[in-house]
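> Right, I'll just put the structure down here and ask away after.
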Amino acid sequence: MQFENFTELKSIEPFILDELKKHKTEFPRNRKFGKELTINLKWADLGDSRASVVGYFRYKDFMMNCRVNKNALYPLIKKMPVGSKKLNSFFFNKPFRYIYDQEVLNNHEEAMIWVFAHELWHFLCKTKQAKGNFETKANKFGFEMLRKYKEINNKVYSLL
Ligand SMILES: [Zn+2]
């Protein structure tokens with residue numbers, strides 16, 4: 001695995017590396033893969049748009065790019081669909097309705113954890129380590145990991 005952090009957000013590295021240890025990130029034997037996961041943490045300049053993060057996981061070269069909007073103002077509420085509910089009738093032309101979850105992002109670190117987890121979900125599904133390669137499931141994984149990160153961080157703070 002190759003991990004590079006091009007931001008000043010160094011305090012999140014132990015948490016991220018710990019999470020990565022739980023999964024397979026290198027596939028040296030399989031010629032079809034013959035790949036290792038590359039992760040880049042970067043800043044994004046999205047102006048004062050309301051977008052907090054952008055990211056992607058590219059299967060072709062196992063590249064994961066996680067970027068946080070340098071201009072984001074905190075705290076901000078991250079609200080994303082994490083599932084859907086089938087309906088008997090149409091709702092805004094769709095036979096289903098999204099179920100949303102939300103969490104407060106307090107700083108760039110928390111935003112980066114969220115986008116990292118979201119993209120990690122896509123990687124895990126593409127490498128058959130998880131099932132359900134949907135945006136909703138990636139969002140759900142993002143919220144779960146963010147809450148875990150917040151909990152660990154709060155414990156550390158309470159010791160000080
Ligand atoms: Zn996604």
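A short reminder: the numbers here are calculations on the coordinates, not readings from a lab. Owing to the predicted nature of the structure, the values given are computational and were not obtained by experimental measurement. For neighbour counting, all protein chains shown are included, and Cβ atoms are generated from backbone atoms with ideal geometry for every residue, glycine included.
> In square nanometres, what is the average projected area of the Cα convex hull of the chain?
The directionally averaged projection comes out at 11.4 nm².
> Something else: Taking the beta-carbon count within 10 Å as an exposure proxy, list C125, C66 from fewest neighbours to most.
C125, C66
> Taking the DSSP beta bridges in the chain as the whole, what percent of them are antiparallel, to the nearest 5?
Around 65 percent antiparallel, to the nearest 5.
> For n ≥ 4 DSSP H runs only, could you compute -39500 (n - 2.57) per run for the chain, divide by its residues and tell me the 222 nm figure to the nearest 500?
Theoretical 222 nm ellipticity from helices: -11000 deg cm²/dmol.
> Most exposed first by the Cβ proxy, i.e. fewest other Cβ within 10 Å, how do K148, K85 rank?
K85, K148
> Given points 7 Å out from each Cα along the Cα-Cβ axis, report the I99 to K22 separation in nanometres with one decimal.
2.0
> Based on DSSP loop calls and a cut-off of at most 16 other Cβ atoms within 10 Å, the longest stretch of the chain free of exposed chymotrypsin sites (Phe, Trp or Tyr not before Pro) is what?
93-133
> What are the membrane-span-like helices in the chain by this rule: whole DSSP H runs, Cα extent along the axis at least 24 Å, mean Kyte-Doolittle hydropathy at least -1.0?
108-126, 135-159
> Size of the dipole of the chain about the Cα centre, Lys and Arg at +1 and Asp and Glu at -1 on the beta carbon, nothing else charged, in debye to 20?
Values: 29 positive and 18 negative charges, 195 e Å.
The dipole of the chain has a size of about 940 debye.
> Moving on. How many nm separate the modelled label positions at K60 and K86, each set 7 Å beyond the Cα in the direction of the Cβ?
3.7
> May I pose another question? Using a simple spin-label model with points 7 Å from Cα along the Cα→Cβ vector, what separation in nm is obtained for E8 and I77?
Going by the 7 Å Cα→Cβ label model, 3.0 nm.
> Hey, fewest Cβ within 10 Å first, where do I12, I152, I39, I77 land in order? Spell out each step's value before the answer.
Numbers: I12 20, I152 13, I39 23, I77 9.
Neighbour counts put them in this order, fewest first: I77, I152, I12, I39.
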